[in-house]
Amino acid sequence: EKGNYRHYMQKEIFEQPIVVAQTLQSYVRPFEGEVALPVSEADLEQVGRLTIVACGTSYYAGLVAKYWVEQFARVPVDIDVASEFRYRQPVLEPGGLALFISQSGETADTLAALRHAREQQQRIAVVVNVPTSSMAREADLLLPTHAGPEIGVASTKAFTCQLAVLAALAANLARANGRLTRQEEEDIVAHLQEAPAALNAALNHDDDIAAMAHLIAPARDVLYLGRGPDYPMALEGALKLKEISYIHAEGYAAGEMKHGPIALIDDAVPVIVLAPSGPLFEKTVSNMQEVRARGGKIVLISDANGIAQAGEGCMATIEMPEVHPLIAPLVYAVPVQLLAYHVAVLKGTDVDQPRNLAKSVTVE
Ligand code: F6R
C-alpha cells in the first residue's frame, strides 16, 4: 500500500499536489473564475462573526484562515483550541457561524466544542476529511476535504487540503459580504489553481532537504519563525518536528523573538525561518538578522529571490518556488513536513506511529 514509499507519512506528503487539486475541484470553477462551495450561497450570507475551533494541526489551519477571512471578508474571527473553548465561556451571539476543523471528525475535544456551540444556537460548519465521521453528521454546513485516508499519525495532506478549503471559504464569505470584485475573485481562483503545481515544485526539493537533515538531527531545541499567515506554518513546522523526531521545537511570530525567546539563541539552537518573498519579507529578514547577530544558525526557507537577498551567512537554505502570498502557507507546509520527516528517519524513530500519539484522540 505504501508503494515505493518507506512510510505512509512520506507517501501522504507526496500525494499533496493530487489531493489538493482533487479538493479544489469541489470549491472553485476555474473556467468561470469563481469560488463555488458545496453548500448553498444563502448559508454564507450575513455572517457577522466567525468562531473557529480545532486541535493540533487542524487548529493551525484555522489560524491561517483567520488571516484570510479577516483580510478578504473583513469578518472578525475568534479562534480557540477546542480544549479551551468551552471553559472560557465564549460570547456567542445566537445565529452566529461556528467552524470546526478536523481530519478525523472524531476528536473528542472538537466534537464537545461543536455540541457546546450548537447549544448556544450557533450554525455549525465543519471542514472534515472523513465523510462518515460524527462531525460530518452533526454539521449544518459540510465542507469536506478530499485528501483520502490519512494513515500516518502526523497530519500532512489533510492539512494542505484544509487550507485549500479555507481559502475558498474566505473568498466566498468576502463575496457574500460584497467585499470581492469579479477581478479579485478571478485572481484568487487563479492563485488557488496554481497550488498543485507549486506543491510539486516544492516536493522537487526533497533531496536537498534530506541532505541537510543532519544539521538538525543533533539539536536539542529548534525554533521556527514566520510572519503573517506563515506564522502558523512556523507553529506547524515545530509541531511536526516534535511529534515525529522528539526534538523540542517552538514556533514563534518572527517579530516576537526579541521579546524573550532570543535569549535562547546560541549556535546549538537551529532557527528555521519561513520567509517567502512578499510584503512581509523585509521585516522577517530583519528579525532573522537579529538572530544571526547573536550567533544563531539559520535555515532560510524562501524562494530564489529571497535567498539571493538574504541567504548569505545562513547555515542552509531551502528553495521554494516563487508563489503568490495566498498560497505560500500551502507550499511552505511541504518543506517543514519533509524536514521533520527526514530528521525523524535519521534519528530512527517510528515515523508513522510516534510514541504516545494516536491518529484520532477520542478522549477529552
Ligand atoms: C498533528 C496531529 C494532531 C491532530 C489533532 C487534531 O500532526 O496529527 O495534532 O492534528 O489531534 O486531529 P483532527 O484533525 O483529526 O481533529
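Any read-out appearing in this document is the output of simple, stated calculations on the displayed coordinates, not a laboratory observation. The structure presented is a predicted model; accordingly, all values stated were derived computationally and were not measured. Backbone-built Cβ (ideal geometry, glycine too); neighbour counts: all protein chains shown.
At-a-glance table
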{"read-out": "Over segment 8-98, relative contact order from alpha-carbon pairs under 8 Å, at least 6 apart, %", "value": "26"}
{"read-out": "Residue order, fewest to most beta carbons within 10 Å, for Val64, Val291", "value": "Val291, Val64"}
{"read-out": "Counted charge near Asp109, where neighbours are those whose Cβ lies closer than 13 Å (Asp, Glu -1; Lys, Arg +1)", "value": "-2"}
{"read-out": "Cα coordinate range in segment 221-299, projected on the principal axes (Å, largest first)", "value": "33, 26, 20"}
{"read-out": "log10 of Debye I(q)/I(0), alpha-carbon scatterers only, for segment 178-267 at 0.13, 0.20, 0.25 Å⁻¹", "value": "-0.64, -1.06, -1.27"}
{"read-out": "With Cα atoms, 0 to 90° folded angle of helix 231-245 axis to the chain main axis", "value": "70"}
{"read-out": "Anchor Lys283: lysines whose Cα lies under 22 Å away (excluding residues fewer than 8 positions away in-chain)", "value": "Lys66, Lys258, Lys297"}
{"read-out": "Quotient of C-alpha Rg and 2.2 N^0.38 Å, computed over segment 1-84", "value": "1.40"}
{"read-out": "Alpha-carbon centroid distance for the pair segment 294-364 / segment 8-58, whole angstrom", "value": "23"}
{"read-out": "Sequence of Met212, Met257 once ranked by neighbouring C-beta atoms within 10 Å, starting from the fewest", "value": "Met212, Met257"}
{"read-out": "Computed over the chain: relative contact order in percent, which uses C-alpha pairs under 8 Å that are six or more apart", "value": "20"}
{"read-out": "Proxy reagent accessibility, fewest Cβ within 10 Å first, across Ile301, Ile209, Ile265", "value": "Ile265, Ile209, Ile301"}
{"read-out": "Cα-based helix-to-principal-axis angle, 281-292 vs the chain, degrees rounded to 10", "value": "40"}
{"read-out": "18 Å cut-off, amide nitrogen to a point 7 angstrom out along Arg294 Cα→Cβ, residues in segment 224-255", "value": "224-227, 249-255"}
{"read-out": "Under the Karplus curve 6.51 cos²θ - 1.76 cosθ + 1.60, θ = phi - 60°, whole-Hz ³J(HN,Hα) for segment 33-40, x wherever Gly or Pro sits", "value": "x, 10, 7, 8, 7, x, 9, 7"}
{"read-out": "Pairwise FRET efficiency - Arg115 versus Asn204, Cβ, R0 = 35 Å, nearest 0.05", "value": "0.20"}
{"read-out": "Compactness relative to 2.2 N^0.38 Å, alpha carbon Rg of the chain", "value": "0.95"}
{"read-out": "Net charge, Ala253 excluded, C-beta distance under 15 Å - Lys, Arg +1, Asp, Glu -1", "value": "-1"}
{"read-out": "Nearest 10 degrees, 0 to 90: helix 157-176 Cα axis against the chain principal axis", "value": "50"}
{"read-out": "Under 5 Å, built H, 5+ apart or other chain: amide partners of Tyr224", "value": "Glu250, Gly251, Tyr252, Ile272"}
{"read-out": "Calculated diffusion of segment 122-273, Stokes-Einstein form, Kirkwood radius summed over Cα pairs, 10 °C and 1.306 mPa s, µm²/s", "value": "87"}
{"read-out": "Positive minus negative residues near Glu45 (Lys, Arg vs Asp, Glu; Cβ under 15 Å)", "value": "+2"}
{"read-out": "Residue-wise HN-Hα coupling along segment 347-358, computed from phi with Karplus coefficients 6.51, -1.76, 1.60 (Hz; x: Gly, Pro)", "value": "7, x, 7, 7, 4, 7, 10, x, 4, 6, 10, 10"}
{"read-out": "Whole-number percent relative contact order across segment 146-268, with pairs defined as alpha carbons under 8 Å at least 6 apart", "value": "17"}
{"read-out": "Which of Leu114, Leu199, Pro229, positive extreme of dipole for the chain (C-beta unit charges)", "value": "Leu114"}
{"read-out": "More than 18 Å apart - percent of Cα-Cα pairs taken over segment 220-364", "value": "54"}
